[in-house]
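The values are calculated or read from the model by the stated rules, or taken from the named source; none is laboratory data. Computed from a predicted model, the values in this text were never measured in an experiment. Cβ placement follows ideal geometry from the backbone for every residue including glycine, while neighbour counts extend to all protein chains displayed. Each accessible area value is taken on the protein alone, full model and side chains, heavy atoms only, with ligands, DNA and RNA left out. Shrake-Rupley method; radii C 1.70, N 1.55, O 1.52, S 1.80 Å.
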Amino acid sequence: AGVNFFDNAWCYHNGLAEERMGAALEGVRHQAVIMTKACTHGRGKEIAMQQLEETLRRFKTDYLDVWQIHEVIYWNEPDSIFAPGGVIEAMDQAKRQGKVRFVGFTGHKHPDIHLSVLSHNYPFDTVQML
């Protein structure tokens, strides 16, 4: 029906949402723009990369179009995202490896938290502020 952008997250329904979407897009993945997110306990590089690998398996693909840090809502998160071993290192690595095309973050609370993330001058491709 012309819909080609699909939003998801690693944590939705314990991964079932990604599995179902992967099954639905099988054979037509090249026509879809897939966005999913590293969830809150994936703020460290190692866990975020583990989440990414699980996501790729669930979607039955070797790359994501957009990978975002999900729900940056706490005041201490901007610093932890950019700390050594933080999720931003996972995003850089995933882009270098061709596993993701674009990276960003989502926020659901106070706009000053979003501004704090942006103050790190990281070249995010996307920002989703709700």
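Figures for the structure shown
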quantity	calculated
Relative contact order [Cα under 8 Å, 6+ residues apart], the range 44-130, whole percent	34
Whole-percent pair-distance distribution, where bins are 10 Å wide, for the alpha carbons of the range 27-118	17, 51, 26, 6, 0
Efficiency of FRET from Cβ geometry, ASP92 and HIS30, R₀ 35 Å, rounded to 0.05	0.85
Inter-probe distance in nm under a simple model that places probes 7 Å from Cα toward Cβ, at VAL3 and HIS120	3.3
Charge context of SER119, other residues only, Cβ under 11 angstrom, K/R +1, D/E -1	-2
Dipole magnitude (debye, nearest 20) for the chain, charges at Cβ of Lys, Arg, Asp, Glu	240
By accessible area with a 1.4 Å probe, ligands and nucleic acids excluded, highest first: order of TYR63, TYR74	TYR74, TYR63
THR126 accessible area, 1.4 Å probe, all protein chains in place, Å² to nearest 10	40
